[in-house]
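Below is one structure, written out as structure tokens, with a few remarks after it.
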Amino acid sequence: MKILDAQDAVLTNVEVHTFLSNQAKQYHDQKRKGPANLETVRKEVLQYFESPPAPLSQKPMPFDTTAIPELIKRLRDYDISKGECIMILNIRPSNIPVLNTVIEDMEDRFNGDQQQEILDIIAEFLGQFPQEPEGDAVMETTEDGQP
């Protein structure tokens, strides 16, 4: 096998998830099995994508590959780089501190309203994480170790 164009395109997690899921379904329908190492890698990657708190762990997934071009089109007004868009798609930030880890120099480039607008656009196209039940909150203890 010869590699013609190394890193010709960068894939998002949802594109890789869709490809691997479709490939597994295709192999199953054809009643054939891929090489053992391919099956292992596919299983482990899909398991990683589908385990919480990963953005693809929600069932049903709140978005698919059709949301990618629409999201990029809406974020174009904010001059967000291709790499930042890919990280947004992979991480699906739900608050400003997480968005700050994705967008370089965010405080310098965007004011508070623009940051919130970006989060609203992300939530519109990629959905929001479900709210965690309040019963899962961490119990605080006092100085003497008592709850």
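For segment 14-35, the criterion of being touching a residue at least 12 places away in the same chain (Cβ under 8 Å) and closer than 16 Å to residue 125 by Cα is satisfied by at least one residue. Within segment 72-127, the set of residues being part of a loop (DSSP other than H, G, I, E, B) and over 25 Å from residue 50 (Cβ atoms) comprises 79, 80, 81, 103, 104, 105, 110, 111.
Scanning segment 39-55 for residues that are at pLDDT 85 or above, of a type outside the set (Val, Ile, Thr) and surrounded by 11 or more Cβ atoms within 10 Å (Cβ to Cβ) yields 39, 42, 43, 46, 48, 49, 50. Checking each residue in segment 24-37 for being more than 16 Å from residue 56 (Cβ to Cβ), open to solvent by less than 50 Å² (accessible area, probe 1.4 Å) and of a type outside the set (Ser, Thr, Tyr) picks out only 34.
The values are calculated or read from the model by the stated rules, or taken from the named source; none is laboratory data. Only a predicted model underlies this, so the values are computations on that prediction, with no experimental measurement involved. We place every Cβ from the backbone using ideal geometry, glycine too, and count neighbours over all the protein chains shown. The protein model used for the area step is the full one, side chains on, heavy atoms only, and it has no ligands, DNA or RNA in it. Shrake-Rupley method; radii C 1.70, N 1.55, O 1.52, S 1.80 Å.
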